[in-house]
Amino acid sequence: MKTTLLAAVIAGLAGSAAFAGSPEPYIEHVYTEPPALDAEWDGFYAGLIGGIQNGEVTPGPFDFDGVSYGGFAGYNFQTGNTVFGAEIAAQRGTLDFAPPSLTMDMLVDAKVRVGYSMGDALLFASGGYSTAGTTIGFAAKGWNAGAGLDFAVTDKVFVGAEYVYRSMPTTVPAGFDVTSHAGQLRAGLKF
């Protein structure tokens, strides 16, 4: 019995010595991607906007190009993937006509928006009321329609791009129609 016990102890020690130099067992590390940002578009927001404008005044035609810059603020309500909202944007800039260049001292868009949330991206369409004026007293009022895409950079910061079409008959002087196309970039903060 002592011999069997002694043989078992020697075999156990010899076996562990034989495996002492073997590599450690391989453990596979599995990379798990962090969850995608699922932005919430609910609530108040505000930001800065800038872009290019082109269009025409008829009868004429008087073509114009220009740049605009300003700010915007709004509120969104989200239900599922559908987002409803209202936004107001105020801008100023320059309009270059054939010979003269005018300073646009006011361009205001008040619009409603409806959009579809794709997680961290919001695709939207908009429509509403526009009014514009220049430093020489030229004024126009009418409607706007557009579409855009906002992208959530963080849960509070977003950037985006938007196209806006405006059709505004003039009020001073009367009898002219202004149509314009605007491509705008935007950056905002959600509250």
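The values are calculated or read from the model by the stated rules, or taken from the named source; none is laboratory data. Here the structure is a predicted model, which means the values were calculated and not measured. For neighbour counting, all protein chains shown are included, and Cβ atoms are generated from backbone atoms with ideal geometry for every residue, glycine included.
Please indicate, with yes or no, whether at least one residue in region 149-159 is closer than 16 Å to A86 by Cβ, over 10 Å from the mean Cα position of the chain (by Cα) and either free of Cβ contacts under 8 Å to residues at least 12 places away in the same chain or surrounded by 14 or more Cβ atoms within 10 Å (Cβ to Cβ) (or both).
No: region 149-159 contains no residue that is closer than 16 Å to A86 by Cβ, over 10 Å from the mean Cα position of the chain (by Cα) and either free of Cβ contacts under 8 Å to residues at least 12 places away in the same chain or surrounded by 14 or more Cβ atoms within 10 Å (Cβ to Cβ) (or both).
Filtering region 56-89 to residues that are part of a strand (DSSP E or B), touching a strand residue (DSSP E or B) at 6+ places or on another chain (Cβ under 9 Å), closer than 30 Å to F191 by Cα and polar (S, T, N, Q) leaves S68, N76, Q78, T82.
Among the criteria (1) assigned to a strand (DSSP E or B); (2) surrounded by 14 or more Cβ atoms within 10 Å (Cβ to Cβ); (3) modelled with pLDDT of 90 or more, the one W41 does not fulfil is (1). Taken residue by residue, region 172-185 has no member that is more than 17 Å from F64 (Cα to Cα), surrounded by 16 or more Cβ atoms within 10 Å (Cβ to Cβ) and in contact (Cβ under 8 Å) with a residue 24 or more places away in the chain.
When G70 is tested against (1) at pLDDT 95 or above; (2) touching a His at 6+ places or on another chain (Cβ under 9 Å), only condition (2) is not met. When A140, A132, A161 are checked against the criterion of being in a strand (DSSP E or B), among the aliphatic types (A, V, I, L, M) and modelled with pLDDT of 95 or more, A161 stands alone in meeting it. Check whether at least one residue in region 95-116 is surrounded by fewer than 20 Cβ atoms within 10 Å (Cβ to Cβ), modelled with pLDDT under 95 and small (G, A, S), and report yes or no. Yes, some residue in region 95-116 is surrounded by fewer than 20 Cβ atoms within 10 Å (Cβ to Cβ), modelled with pLDDT under 95 and small (G, A, S).
If you check L102 against the conditions, is it over 18 Å from the mean Cα position of the chain (by Cα) and hydrophobic (A, V, I, L, M, F, W, C)?
Yes, satisfied.
The set of residues in region 176-191 that are more than 30 Å from E40 (Cα to Cα) and polar (S, T, N, Q) comprises T179, S180.
When we screen D96, D38, D109, D42 for residues that are in contact with a Gly (Cβ under 8 Å, 6 or more places away or on another chain) and more than 18 Å from R166 (Cβ to Cβ), the only hit is D38. Considering the conditions (1) surrounded by fewer than 15 Cβ atoms within 10 Å (Cβ to Cβ); (2) in contact (Cβ under 8 Å) with a residue 40 or more places away in the chain, G55 is excluded by exactly one of them, (1).
Right, V30: hydrophobic (A, V, I, L, M, F, W, C), outside any strand (DSSP E or B) and surrounded by fewer than 20 Cβ atoms within 10 Å (Cβ to Cβ) or not? Considered against the rule, which asks whether it is hydrophobic (A, V, I, L, M, F, W, C), outside any strand (DSSP E or B) and surrounded by fewer than 20 Cβ atoms within 10 Å (Cβ to Cβ), V30 comes out as yes.
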